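Every number in this text was worked out from the coordinates using simple rules, so none of it is lab data. This structure is a prediction, so every number in the text was calculated from the model and none was measured. No Cβ is skipped: glycine too gets one built from the backbone with ideal geometry, and neighbour counts run over all protein chains shown.
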Ligand SMILES: Cc1cc2nc3c(=O)[nH]c(=O)nc-3n(C[C@H](O)[C@H](O)[C@H](O)COP(=O)(O)OP(=O)(O)OC[C@H]3O[C@@H](n4cnc5c(N)ncnc54)[C@H](O)[C@@H]3O)c2cc1C
């Protein structure tokens, strides 16, 4: 059985609790009145939130070490999101508790604290929260393009320095009065500056990118099959991994987008199957043979544990079939049942490849579900089999489908550690 990766939770706790420990050892704890308790808790929330905010910026470097610690890039993105949310919540609780503290003296004082201030450090704190609040609301409630989402992340990163200025210079700041906290805060500011420098200036030289060319671009309905060639490209990759690609073509924006590899290491070219569904993927219709492609990767751990399980169930929905193509190609002795659900014949991607593999590998069983004609795949029918034989389940497809199937399996008693998922989203 797969071991649950608890490292990300432990790291998050340590990052939040470490400055609190520094705070506690560096000054006497004053909690003799409700106002003091509220004040203390408010400050602790700010310190823990600041620390998580700094860590959140640090995670955005996507350093290889973080990928290892967090169990792959998609998980790293997920924890980047979780750490950011926790930082935001703690930083929001901070002024709430301080307002309550002043309100224990009088409501007028509570109101006075909440009012926009002319004091610069105070104003910086208010601006930090205001901007974070707007950014979070926008990213939750407004469907923005990925490029704008990335810009929003940069703005949030810059807001960190406003928050730090507030923390260092606000009247009665504990950071100023405790040397360990002062050092800790300064280290975060330097690291954050380093990260911004790293991302904006040195990023290209730190992250290995490979030069490829489009050898062929074939359209099959709304699927674009790309084959990329290179004399000195990526040397090693495992089934189920993905790469970021950016194609140099006057009709395409300079963006990197992630796509799973449908090829395997022993094949000469990198192969991708791209569903054309948005601005960038639709613009890929302009791609020509010979166009230069910058490839970054490989990333991901979806197929990492394939060798570990003698019996496996794979569930794919729509374009979520792509990582399974490379996994199926490398399948050796494991017994696999692939349930592939698609909307129509036209959207049944890579069917020929799958049928060929099924005809040559007797241990690979293909179950096709055309939801135009049949009822959608449901976990119910195979849950018992999963529980009885301890098989592992891999799922890749549209997020709502993945969520529903995973929930059904867990509801039926399947251990969540037996379910391995890949989301086609990194935000
Ligand atoms: C690990 C992984 C593997 C993937 N494998 C495949 C695959 O094999 N085949 C396939 O067709 N699609 C795959 N995708 C999805 C593909 O990356 C998106 O469909 C594509 O980037 C959408 O871009 P768009 O501008 O056409 O669409 P939009 O409508 O602009 O975006 C649709 C969604 O795609 C995501 N997205 C958009 N731009 C980016 C970006 N630059 N980086 C990260 N995410 C972005 C966002 O979540 C967005 O909501 C994969 C995604 C991930 C994360």
Per-residue Cβ contact counts at 10 Å, fewest first, order 32, 294 as 32, 294
Under a Gaussian network model of the chain whose springs join Cα atoms within less than 10 Å, the largest fluctuation of 347, 27, 376 belongs to 27
For the chain, longest principal axis from Cα atoms; helix 7-26 axis from its Cα atoms; angle between them, nearest 10 degrees, is 10 degrees
At 4 °C in a medium of viscosity 1.567 mPa s, the stretch 7-206 has a Stokes-Einstein diffusion coefficient, with Rh taken as the Kirkwood radius over alpha carbon pairs, in µm² per second, of 73 µm²/s
In Å, the C-alpha Rg and Dmax of the chain are 25.4, 79
Here the FRET efficiency for residue 109 versus residue 176, based on Cβ atoms and R0 = 22 Å and rounded to 0.05, is 0.40
By the C-alpha gyration tensor axes a ≥ b ≥ c (rounded if a/c is under 1.5, else prolate when a/b exceeds b/c, else oblate), the shape of the stretch 306-422 is oblate
Inter-part gap, Cα centre of the stretch 59-97 to Cα centre of the stretch 221-281, in whole angstrom, is 28 Å
Quick calc: nm separation of the 7 Å Cα→Cβ label points for residue 356 and residue 220 -> 0.9 nm
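Taking the mean number of other Cβ atoms within 10 Å as a proxy for protection, how do you rank 408-416, 45-53 from highest to lowest?
Taking the mean over residues of other Cβ atoms within 10 Å, the ranking is 45-53, 408-416.
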Summing -39500 (n - 2.57) over every DSSP H run of at least 4 residues in the chain and dividing by its residue count gives a helix-only mean residue ellipticity at 222 nm, to the nearest 500 deg cm²/dmol, of -16000 deg cm²/dmol
Between the modelled labels at residue 335 and residue 208 (7 Å from Cα along Cα→Cβ) the distance in nm is 3.9 nm
Taking a crude spin-label model, label points 7 Å out from Cα along the C-beta direction, the residue 186 to residue 10 distance in nm is 3.1 nm
With Cα coordinates, the longest principal axis of the chain makes an angle with the long axis of helix 399-411, in degrees rounded to 10, of 90 degrees
Highest mean packing first, using Cβ neighbours within 10 angstrom, the peptides 208-216, 240-248 sort as 240-248, 208-216
To the nearest 10 degrees, the tilt of helix 380-389 (Cα long axis) against the first principal axis of the alpha carbons of the chain is 90 degrees
antiparallel share of DSSP beta bridges within the chain, to nearest 5, in %, is 55 percent
Packing-ranked peptide list from 86-95, 16-25, highest mean Cβ count within 10 angstrom first, is 86-95, 16-25
Taking alpha-carbon centroids only, the stretch 358-423 lies from the stretch 306-352 a number of Å equal to 11 Å
